[in-house]
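Structure first, commentary second.
The values are calculated or read from the model by the stated rules, or taken from the named source; none is laboratory data. Only a predicted model underlies this, so the values are computations on that prediction, with no experimental measurement involved. Neighbour counts are summed over all protein chains in view; Cβ atoms, including those assigned to glycine, are modelled from backbone coordinates with ideal geometry. These accessible areas exclude ligands, DNA and RNA; they are computed on the full protein's heavy atoms, side chains included. Shrake-Rupley method; radii C 1.70, N 1.55, O 1.52, S 1.80 Å.
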Amino acid sequence: MNRRARTRSAILDAAEQAFRDQGYGATSMEDIAQRAGVVRKTLYNAFASKKDIAEHLVLRAEAASEPLYRHRIDAGENALDLLAVMLSDSAGWCLQFPELAAFALSPRIRPALSPPPDRPSFQRIIRDTLAAGQAQGVIRRDEDADFLALMLLGTYAQHMTSVLAGAAFDPGQIRRILRLLVEGIGA
């Protein structure tokens, strides 16, 4: 990593810990700068705002999740079971970081039908798992995997938004969402 990348990484590490310790709302840019060992000018040169930092933390979490599941897809693991694990893991992250989850569940830039081509994303790994499940015969084949991923993630995001607003979290709901949306409708 070059110096700029190391500085950005240190700022993201510091922000993640500050958000964990104090919460997003109670953390100031000054708190993040102090924890990262940088001056405010350096912080603002790296990130435009606290919201920008939060959005980059979400992107970093997405990128980190892809290799955790990619090898399981490649190994031929049952895609339906893997989707349940992926969404359950994501729900755990959302419950652990509810303020950051709000950025992940309602992104500033709305998702397109296809995952972003220039970076790893949760949408991509979900889409690839759905495609693998279609090949395995455990995921419905009447819709394209890109469309199914968008539909699944939109429904999941709405469910988790409700949970974060105070609704009870029931892990069985993830299986229900999968059953209703991707296991099969019709023949």
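I'm trying to understand the selection: among the residues of region 119-146, which are outside any helix (DSSP H, G or I) and aliphatic (A, V, I, L, M)? Across region 119-146, the qualifying residues are Val138, Ile139. Scanning region 1-35 for residues that are part of a loop (DSSP other than H, G, I, E, B), touching a residue at least 40 places away in the same chain (Cβ under 8 Å) and at negative phi turns up Tyr24, Gly25.
Does Ala46 count as more than 22 Å from Thr129 (Cα to Cα), touching a residue at least 40 places away in the same chain (Cβ under 8 Å) and surrounded by 13 or more Cβ atoms within 10 Å (Cβ to Cβ)? So Ala46 passes the test. Report, by residue number, each residue of region 173-187 that is over 18 Å from the mean Cα position of the chain (by Cα), of a type in the set (Val, Ile, Thr) and surrounded by 13 or more Cβ atoms within 10 Å (Cβ to Cβ). Within region 173-187, just Val182 meets the criteria.
Being touching a residue at least 12 places away in the same chain (Cβ under 8 Å), under 20 Å from the mean Cα position of the chain (by Cα) and open to solvent by less than 30 Å² (accessible area, probe 1.4 Å) is a property that does not hold for Ile139. Restricting attention to region 103-120, the residues that are touching a residue at least 60 places away in the same chain (Cβ under 8 Å) and buried (at least 17 other Cβ atoms within 10 Å of the Cβ) add up to 0. You will find that of Phe97, Phe122, the residue that is touching a helix residue (DSSP H, G or I) at 6+ places or on another chain (Cβ under 8 Å) and under 17 Å from Glu66 (Cβ atoms) is Phe122 and no other. In region 1-30, the qualifying residues are those that are surrounded by fewer than 14 Cβ atoms within 10 Å (Cβ to Cβ) and among the small types (Gly, Ala, Ser), and the one that is farthest from Leu100 (Cα to Cα) is Ala5.
What helices (runs of 4 or more DSSP H), lying completely within region 36-118, carry at least 2 residues that are closer than 27 Å to Thr7 by Cβ and within 16 Å of the chain's Cα centre (by Cα)? Because the criterion is at least 2 residues that are closer than 27 Å to Thr7 by Cβ and within 16 Å of the chain's Cα centre (by Cα), the helices (runs of 4 or more DSSP H) in region 36-118 that meet it are 50-74, 79-96, 98-105. Of everything in region 147-172 that is assigned to a helix (DSSP H, G or I) and small (Gly, Ala, Ser), the residue that is surrounded by the fewest Cβ atoms within 10 Å (Cβ to Cβ) is Gly172.
Screening the candidates Ala91, Ala131 for the property of being crowded, with 17+ Cβ neighbours inside 10 Å and either within 22 Å of Asp170 (Cα to Cα) or of a type in the set (Lys, Arg) (or both) yields one hit, Ala91.
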